[in-house]
1. Do any residues in the stretch 221-244 that are farther than 15 Å from residue 279 by Cα and modelled with pLDDT under 95 have Cβ atoms under 6 Å from those of residues that are of a type in the set (D, E, K, R) and open to solvent by 60 Å² or more (accessible area, probe 1.4 Å), where the two are at least six apart or on different chains, and which pairs are they?
2. Restricting the first residue to the stretch 18-38 and requiring it to be in contact (Cβ under 8 Å) with a residue 60 or more places away in the chain, which pairs with a second residue that is of a type in the set (Ser, Thr, Tyr) and not in a loop (DSSP other than H, G, I, E, B) meet a Cβ separation below 8 Å and a spacing of at least six or different chains?
3. For the stretch 245-259, name all the residues that are out of contact with any helix residue (DSSP H, G or I) (no Cβ under 7 Å at 6 or more places or on another chain), open to solvent by less than 60 Å² (accessible area, probe 1.4 Å) and not charged (D, E, K, R).
4. Of the numbered conditions (1) at pLDDT 80 or above; (2) at positive phi, residue 43 fails exactly one; give the number of that condition.
5. Just to verify a result, which residue in the stretch 133-175, among those that are closer than 20 Å to residue 16 by Cβ and not aliphatic (A, V, I, L, M), is most open to solvent (accessible area, probe 1.4 Å)?
6. Quick one: how many residues across the stretch 199-239 are assigned to a strand (DSSP E or B) and over 27 Å from the mean Cα position of the chain (by Cα)?
7. Within the stretch 260-274, how many residues are of a type in the set (Gly, Ala, Ser), surrounded by 14 or more Cβ atoms within 10 Å (Cβ to Cβ) and either within 19 Å of residue 214 (Cα to Cα) or under 23 Å from the mean Cα position of the chain (by Cα) (or both)?
8. Please enumerate the residues belonging to the stretch 194-223 that are in contact with a Ser or Thr (Cβ under 7 Å, 6 or more places away or on another chain) and crowded, with 20+ Cβ neighbours inside 10 Å.
Amino acid sequence: MEFVEVRGRTVEVAVAGALAELGLESEEQAEIEIITEGKKGFLGVGGEDAVVRVRPKPAPKKKRRRRRGKGGGSKTGDQSSDQDRSEARPGSSGGRPGGSSSSGGRGKQQSSGGNGRGSASDAKEPEAKEDVAGQAEAVDSFLKGLVTAFGIEGNVSVDVQKDIITAAVDGDQTEALVGAKGVVMSAVQEVTRTVVQRRFHQPARVRLDIAGYNERRREALSIYAERLASQVLEDGGEIMLEPMNPADRKVVHDAIAAIDGVESYSEGEDPRRSVVISRSDTGGRRDEEE
């Protein structure tokens with residue numbers, strides 16, 4: 001049965017993210033297993049996220065009732081009545097020898113069915129675009145309401161690229177919505193995705209950036225990776241970084257790939273997957289899976 005493992009600042013945040021990823025509307029529809037409850041660090045250092053494993057509950061099986069006919073000749077009677085209906089049906093092979101009308105009817109149905117599939121396919125794309133546009137409006141409305149509820153000044157901008165909704169909240173006071181290591185921003189993103197999903201009854205792909213945190217995070221990780229690469233070149237050996245999400249691991253791999261004499265690869269399983277930096281005679285490389 002399909003399941004997902006999700007990390008979050010708290011168990012509630014992780015569960016909300018898992019429900020959104022599975023397309024479930026409530027915890028009653030899921031089986032939830034708490035892997036770790038997480039713990040708070042000191043001044044944002046040394047803390048651990050909560051990890052949960054969530055899977056959809058199996059659908060209840062419906063019992064089928066068998067209707068038994070009275071008398072021993074009911075089955076034969078049903079077969080004969082089906083045969084009578086087949087012979088009486090216009091254009092059937094039983095009505096006309098050779099079955100030419102029946103095959104001709106099938107040919108027409110196949111032809112019209114082909115055209116019908118084409119028109120349905122053409123109609124799906126505009127409908128999908130309208131759904132994403134509606135989801136983007138919902139994201140914009142929710143984030144503006146959130147900023148107002150927090151009593152801070154901030155500007156919300158939402159853009160749609162293919163089927164991904166990119167949202168940004170900017171302003172001098174919006175740092176309150178980021179939190180240590182971006183945990184508050186991650187929670188806001190999961191709540192936003194859940195709200196949109198419950199309204200439209202379908203998953204929403206939302207990427208949120210607040211106060212330019214993502215760009216600052218990329219720059220800080222690149223500088224950090226360069227320092228560790230210099231240390232590896234001087235002292236040799238390997239350095240394993242703390243577990244990171246796929247986006248942060250990609251930033252580190254890209255930074256190491258630009259430095260001669262070192263390479264990087266990933267070890268472990270999500271959500272405890274880490275980047276390892278080591279010396280190399282061929283220059284930096286990046287894991288293919290990243």
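The values are calculated or read from the model by the stated rules, or taken from the named source; none is laboratory data. Predicted, not measured: the structure shown is a model, and the values here were computed from it. Because the Cβ atoms are built from the backbone with ideal geometry, glycine has one as well, and the counts that use them run over all protein chains shown. Each accessible area value is taken on the protein alone, full model and side chains, heavy atoms only, with ligands, DNA and RNA left out. Shrake-Rupley method; radii C 1.70, N 1.55, O 1.52, S 1.80 Å.
1. Every condition considered, the pairs that remain are 243/272.
2. 19/194; 20/194
3. Matches in the stretch 245-259: 253, 257.
4. (1)
5. By that ranking, first place goes to 150.
6. Going through the stretch 199-239 one residue at a time, the tally reaches 2.
7. Count: 2.
8. 206, 208, 210, 211, listed by residue number.
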